[in-house]
Structure formats: structure tokens, C-alpha cells
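Working notes for the structure below.
The values are calculated or read from the model by the stated rules, or taken from the named source; none is laboratory data. Owing to the predicted nature of the structure, the values given are computational and were not obtained by experimental measurement. Every residue, glycine as well, gets a Cβ built from its backbone with ideal geometry; the counts of neighbours run over all protein chains shown. All accessible areas refer to the heavy atoms of the entire protein, side chains included, with ligands and DNA or RNA removed. Shrake-Rupley method; radii C 1.70, N 1.55, O 1.52, S 1.80 Å.
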Amino acid sequence: MTTIISLQRRAPVLQLVALVALFIYGSATIAGFSAQTSLTSMLVLASLLGLAALGQTLVLILGGLDLSVPGHIVMGAILTSQLYGTEHVSAVGAIAVVVAIAAVLGALTGWICHHWRIQPLVVSLGIGSMAAGATVAWTQGKLNGQAPPFLTDLTSASGTTFGLAVPAVVVIWGVLAIVVAVVLHRTVAGRRFFATGANPRAAALARIDTKNVWIGVFSISAVCSALVGALLAGFAGADQTLGDPYLFSALTAVIVGGTTFMGARGDYTHTVVGALILTVLTTVLVGRGLQPADQQIIFGVLILLVVAGYGRDRRLQDRV
């Protein structure tokens, strides 16, 4: 048992077993579950979820919680569509504006939380609401723009990448996951990040600028959410409620992947597996005829089980 627990700390072994079991069950009980079109569709949905969960993963490892994800998704989707489709701003220009605004709002969230020691969930909820509300107010509720065509191509389940039958957003997600893993585990910035999440006071005594860590992490989270919004605008169109499902689902993917609220516990590669599990599980539940309310209940049970399992372990700062 000790060996299994030790191995689980280093890699999402149980999650991978659960993913394989879910896929085998779906393939055996649902017609067309393992067909090429079904697989690519699941990968696209998992990619969007995984990208939305990237920032949340970093924030949880830092010891916080980012409730601004839906707001920034809505802001990114609406701004991209309106600037490109209505204001005739270039696609690059529209996305640059979205990234700049999200980066500033995220940095503001991190600075406020660190400077005044305010709980991130309170500040991020307010900033996210401001981002979404200001965008809707700017458009006066008239969402008549459209996203740049290349965003639709990126998120198309029938899209290809360099001639391969793999949607571009899936490739982007895979490359980003590798880059994040390298940065977190092979760079000085990554070590400072984990040190801040493990014990902020000790990190500050070690001359780590914890303020910049908080600002940077929340800025990255906001930018990731806004870019997911832009991708969703190309995938399904902009809408005021576009980001709502991603607050709970992204948080669930992070927790199911093994990242908890204990600080410095987790990794984005775990979240990748968590996003795949949730996407496959959702597909199975829909295929078995379960309603969204039933899915929410099952996701809630999953969170409770994972939290109960990891909750028995001590925080890293209490083990060193």
C-alpha cells in the first residue's frame, strides 16, 4: 500500500487506470463510441477543458482558487467576435487586445491578493464578474459579431495538422502540456513557484519574490481563460453564458487529476489526465442517457472521493 501511495504521488496511476476502464466500458456498451469521429470530438472537448484548467491548476498549486475563469472566457469570446466581426479589427489585433486585457486583470487579481492578503476566491470572483459584465455592457447585449475563421479551423473535429487527421487544438494542447511540464520541473521559475505554494513565508525568507509569483500565476490563468474563450467563439459562437460550465468542470478536472488545495501538490500533466477522464466520462453518461443534473451529481461524488483520499495526507510544508 505504501508503494502505491508513493507511486501515486509521482504519477496519476489510478487516474490512468480509471481512464482506460472508462474507455473500455464506453467502447463495449455504446455504439460508435470508439469511432474516429467520436475520438476526435472527445479530444477537442478535452483540449478546450484542459486549456481552461491550466490556470486553475497553477493557482491551486499556489494555494488559491480562481473563480474568474468563466468571466474571462466570456470576455475573450465576446471581445474577439465583436472586434473582428463588427469593429473590423484584424484577427491578430483582436486576440492581442483580449490577451492584454486579461493579463492586466489577472495581474491585478494576483497583486491585490498578495498585497492585502485577501482570499483569491473573493477577488477573482469580483474581477471575473467585472470582465464579463463590462464586455456585455460594451456590446449592449448585441452579440452580432463572429470569430475569425481560423479559430473555427483550429477547433474543428474534422480538422487536420500537417496532413495528419488530428485537430490543431489537440496538437496545441499537447505541445503546451510539454512546455508547462518542462518549465515547472526544469527551470528556476518552476522551483520558485512550487516553493511559494509549499510555504510562502519560507519562500520569502529564501529571497523569492512571492509577489511576482502571484501576479504571474493569476495573469497566466486569466490569459489562458480568455484564449479559451476566443477558441470557443470559433467552436460554438460567443454567448454570455459560454463560460459557466467551465468553472465547475475545469475545477473538477484539476482535482480529479490529483491537484488539491494543499499547496505545492499537483502537476499539469495530472490535469491533462483529469480532463480526459471527465470528457470520456461525460460522453459515456450522455451515451447512457443521463441528464446534466445526473452528471453534476457524479462529478460531485468524484470530487468528494478524491479530496477524501488526498485529505488524509499532510501538507508539504508540514512534512519538511
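Descriptive notes on the structure:
- Looking only at region 193-209, residues that are within 24 Å of residue 127 (Cβ to Cβ) and open to solvent by 20 Å² or more (accessible area, probe 1.4 Å) come to 2 in all.
- Within region 236-248, the set of residues being more than 11 Å from the chain's Cα centre (by Cα) and either surrounded by fewer than 20 Cβ atoms within 10 Å (Cβ to Cβ) or under 21 Å from residue 185 (Cα atoms) (or both) comprises 236, 237, 239, 240, 241, 244, 245.
- Residue within region 216-224 that is without any contact (Cβ under 8 Å) to a residue 40 or more places away in the chain, out of contact with any His (no Cβ under 9 Å at 6 or more places or on another chain) and in a helix (DSSP H, G or I) present: no
- Filter pass, residue 33 being aromatic (Phe, Trp, Tyr), open to solvent by less than 40 Å² (accessible area, probe 1.4 Å) and either in contact (Cβ under 8 Å) with a residue 24 or more places away in the chain or farther than 24 Å from residue 236 by Cα (or both): yes
- Counted residues, region 76-111 - those being open to solvent by 40 Å² or more (accessible area, probe 1.4 Å) and assigned to a helix (DSSP H, G or I): 10
- For region 249-282, residues that are open to solvent by 10 Å² or more (accessible area, probe 1.4 Å), assigned to a helix (DSSP H, G or I) and in contact with a Phe, Trp or Tyr (Cβ under 7 Å, 6 or more places away or on another chain) total 1.
- Residue in region 201-215 that is charged (D, E, K, R) and under 21 Å from residue 84 (Cβ atoms) present: no
- Matching option when the condition is under 21 Å from residue 235 (Cα atoms) and modelled with pLDDT of 95 or more, among 154, 143: 154
- Any pair with Cβ under 6 angstrom, 6 or more apart, that starts in region 290-309 at a residue that is polar (S, T, N, Q) and ends at one that is surrounded by 13 or more Cβ atoms within 10 Å (Cβ to Cβ) and at pLDDT 90 or above: 295/285
- Residues of region 187-224 that turn out to be among the basic types (Lys, Arg) and farther than 16 Å from residue 116 by Cα, as a count: 3
- The set of residues in region 137-192 being more than 22 Å from the chain's Cα centre (by Cα) and open to solvent by less than 30 Å² (accessible area, probe 1.4 Å) consists of 139, 145, 148, 159, 161.
- From the list 114, 185, the one residue that fits, being in contact with a Lys or Arg (Cβ under 7 Å, 6 or more places away or on another chain) and in a helix (DSSP H, G or I), is 114.
- Filtering region 149-170 to residues that are free of Cβ contacts under 8 Å to residues at least 60 places away in the same chain and of a type in the set (A, V, I, L, M) leaves 164, 168.
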